[in-house]
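The values are calculated or read from the model by the stated rules, or taken from the named source; none is laboratory data. Keep in mind that this is a model prediction, so the values were computed, not measured. When we count neighbours, we look across all protein chains shown, and the Cβ atoms used for this are built from the backbone with ideal geometry, even at glycine. The area values use the complete protein model at the heavy-atom level, side chains included, leaving out ligands, DNA and RNA. Shrake-Rupley method; radii C 1.70, N 1.55, O 1.52, S 1.80 Å.
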Amino acid sequence: MTDNRTVNKSRVALVACADYDQRRVYRAMSRGLELVGGISSFVQPGEKILIKPNVLFGVSPDRCVCTHPEVFRAAGRLLAGAGASLTCGDSPGFGGCRANMALGGLKKVADELGIPLADFARGRAVTHPGALLTRRFVIANGVLAADGLVSLPKLKTHGLTRFTGAVKNQFGCVPGLMKGPQHARLPDPFKFATMLVDLNTLLRPRLYIMDAVMAMEGNGPRNGSPRKLGVLLLSADPIALDAVACKIIDLDPAFVPTSAPGEKAGLGTYHFENIEMVGDAIEDFICPDFNVVRKPPLPASGGRMAAFIKNRTSARPVINADRCTRCGACVRHCPVTPRAVDWRGEDKRRPPSHDYNLCIRCFCCQEVCPEAAISVKETLLGKIIFR
Ligand code: SF4
Ligand code: SF4
């Protein structure tokens, strides 16, 4: 349990922030930090702190794929003001950290603030004896070199975990090429989520500051639509922070597969009776028509019959042939062998196709498609059974 938890409750600060005006974001974040105990509760002078934004792809901040540069700037200024020695970085699923940060406006801010990029290209193995499921991770050198981590997630939808927020953001601490095998090793969404929880209990970020000023709805986490929520969320408890974010987008936090293992692991709580919300009223931000899947993912385990039923009822990635440029990114990033999306000897002038019997529904293909040609579609049977 962290310092800023009151006796039995996790504190989550909600601070209104209408847009990304530099001074407005700074003021909102300063206020949020005071509400969760002050910056000195998280950082001491002279400590090496790594700032971990979401740098999934290299695109303009207007697309809402990455943490906004002004959120990054405010965090950098406040942490530097507390005497921390800062580095930053992420291991994106597609492209390199430096290039993605440059395209997303983050590199310019890092240069202005004198925050060097940490080494996220290489890492080393670390054991986690207290893990629920995954006792060995390869962690980026830049993360291991820091005394502490401050996580800056972006609120977005996600095919596998329903939404991506505080807990999921730490997946970028695993160097790039090593993330795909984690999907293949853990095809069950609940086991995958437990691995994410283990990663968080290993790394224990000091503080999470979620950029929900402009969120992403629909076909996230890369190709969705921007949606204004106008709020920054701050907490030392990532499970509680994600639960509050879920409440804002009218998603039951129990449907997010990291919630239950997160509570079991002692990482935090998603039960609102154990969460203290401070700052602005949550009612000011609730968005009931936010476009997100409001159903839990289906488990992968349970034998042949369960796999047969799951294959016919669970949502699946579908290619829009009109948008597909046949670039092959989906094929290259499919983590299963044989690949579940491929040309299979077919004419490469046509889009690749999915074999849903092989597909583990990790949605990496949907995530990496640069043309937004892949979306997550429910099956007719799934709609009938799970409506
Ligand atoms: S990544 Fe998208 S555009 Fe590229 S081949 Fe796959 S579906 Fe087509
Ligand atoms: S086809 Fe897509 S969703 Fe299915 S296993 Fe491959 S990358 Fe994952």
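Restricting to the range 307-337, what's the tally of residues that are more than 9 Å from ligand 1 (Cβ to nearest atom) and in a helix (DSSP H, G or I)?
Looking only at that region, the number is 7.
Scan the range 323-345 and report the pairs whose first residue is over 20 Å from Asp188 (Cβ atoms) and whose second residue is more than 6 Å from ligand 2 (Cβ to nearest atom) and open to solvent by 90 Å² or more (accessible area, probe 1.4 Å), with Cβ atoms within less than 7 Å and a gap of 6+ or a chain change.
From the range 323-345, the pairs are Arg326/Lys348; Arg326/Arg349; Val331/Arg339.
Please find, among Thr134, Thr164, the residue that is on the phi < 0 side of the Ramachandran plot, more than 17 Å from the chain's Cα centre (by Cα) and not small (Gly, Ala, Ser). Can you show your working first?
On the way: Thr164 fails: more than 17 Å from the chain's Cα centre (by Cα).
On inspection, the qualifying residue turns out to be Thr134.
When you scan the range 284-299, do you find a residue that is within 16 Å of ligand 2 (Cβ to nearest atom) and crowded, with 18+ Cβ neighbours inside 10 Å, even just one?
Yes, the range 284-299 has at least one match.
State all residues of the range 202-235 that are of a type in the set (Val, Ile, Thr) and either over 25 Å from Lys9 (Cβ atoms) or modelled with pLDDT under 95 (or both); if no residue qualifies, say none. Even if it seems obvious, please write down each step before you answer.
Residues of the range 202-235 that are of a type in the set (Val, Ile, Thr), as a first pass: 209, 213, 231.
Of everything in the range 202-235, just one residue is of a type in the set (Val, Ile, Thr) and either over 25 Å from Lys9 (Cβ atoms) or modelled with pLDDT under 95 (or both), namely Val213.
For Lys228, are the conditions met, namely being among the basic types (Lys, Arg), open to solvent by less than 10 Å² (accessible area, probe 1.4 Å) and not in a loop (DSSP other than H, G, I, E, B)?
no
Considering the range 339-352 alone, what residues qualify as being near ligand 2 (Cβ under 10 Å from one of its atoms) and part of a loop (DSSP other than H, G, I, E, B)? Step through it out loud before you land on a result.
Let us first name the residues in the range 339-352 that are near ligand 2 (Cβ under 10 Å from one of its atoms), namely 339-342, 352.
Once the filter is applied, which keeps residues that are near ligand 2 (Cβ under 10 Å from one of its atoms) and part of a loop (DSSP other than H, G, I, E, B), the range 339-352 yields Arg339, Ala340, Pro352.
So is Asp119 at pLDDT 95 or above, more than 28 Å from His183 (Cα to Cα) and of a type in the set (D, E, K, R) or not?
Values: at pLDDT 95 or above: yes; more than 28 Å from His183 (Cα to Cα): no; of a type in the set (D, E, K, R): yes.
For Asp119, the condition - at pLDDT 95 or above, more than 28 Å from His183 (Cα to Cα) and of a type in the set (D, E, K, R) - is not met.
Can you name the residue in the range 341-352 that is at pLDDT 90 or above and open to solvent by 30 Å² or more (accessible area, probe 1.4 Å) and is also nearest to ligand 1 (Cβ to nearest atom) among such residues? Lay out the reasoning, then the answer.
Step one: of the range 341-352, the residues at pLDDT 90 or above are 341-343, 350-352.
Adding the requirement that they be open to solvent by 30 Å² or more (accessible area, probe 1.4 Å) leaves 342, 350-351.
Working: Asp342: 10, Arg350: 10, Pro351: 5 Å.
Among those that are at pLDDT 90 or above and open to solvent by 30 Å² or more (accessible area, probe 1.4 Å), it is Pro351.
May I ask you to list the residues in the range 80-94 that are of a type in the set (S, T, N, Q) and crowded, with 23+ Cβ neighbours inside 10 Å? Write out each step before concluding.
Here is the first cut: in the range 80-94, the residues of a type in the set (S, T, N, Q) are 85, 87, 91.
Correct list: Ser91 only.
If Val278 satisfies every condition in (1) in contact (Cβ under 8 Å) with a residue 60 or more places away in the chain; (2) open to solvent by less than 60 Å² (accessible area, probe 1.4 Å); (3) more than 10 Å from ligand 1 (Cβ to nearest atom); (4) in a loop (DSSP other than H, G, I, E, B) but one, which is the exception?
Condition (4) is where Val278 drops out.
Within the set of pairs 6 or more residues apart or between chains, which connect a residue that is in contact (Cβ under 8 Å) with a residue 12 or more places away in the chain and within 16 Å of His158 (Cβ to Cβ) inside the range 254-275 to a residue that is open to solvent by 40 Å² or more (accessible area, probe 1.4 Å) and basic (Lys, Arg) with Cβ atoms less than 7 Å apart?
Cβ pairs passing all conditions: Phe255/Arg294; Phe255/Lys295.
Write out, first by first residue and then by second, each pair whose Cβ atoms fall under 8 Å of each other, whose residues are 6+ apart or on separate chains, and whose first residue, in the range 347-366, is of a type in the set (D, E, K, R) while the second is within 7 Å of ligand 2 (Cβ to nearest atom) and at pLDDT 90 or above.
Asp355/Ala340; Asp355/Val341; Arg361/Pro317
Pick from the range 79-94 the residues that are outside any loop (DSSP other than H, G, I, E, B) and out of contact with any Leu (no Cβ under 7 Å at 6 or more places or on another chain): which of them is nearest to Asn169 (Cα to Cα)?
Let us first name the residues in the range 79-94 that are outside any loop (DSSP other than H, G, I, E, B), namely 79-81, 85-88.
Still in the list and also out of contact with any Leu (no Cβ under 7 Å at 6 or more places or on another chain): 81, 85.
On the way: Gly81: 24, Ser85: 22 Å.
Top of the filtered list is Ser85.
Return the residues of the range 353-372 that are in a loop (DSSP other than H, G, I, E, B), within 12 Å of ligand 1 (Cβ to nearest atom) and crowded, with 22+ Cβ neighbours inside 10 Å; say none if nothing qualifies.
Of everything in the range 353-372, just one residue is in a loop (DSSP other than H, G, I, E, B), within 12 Å of ligand 1 (Cβ to nearest atom) and crowded, with 22+ Cβ neighbours inside 10 Å, namely Cys369.
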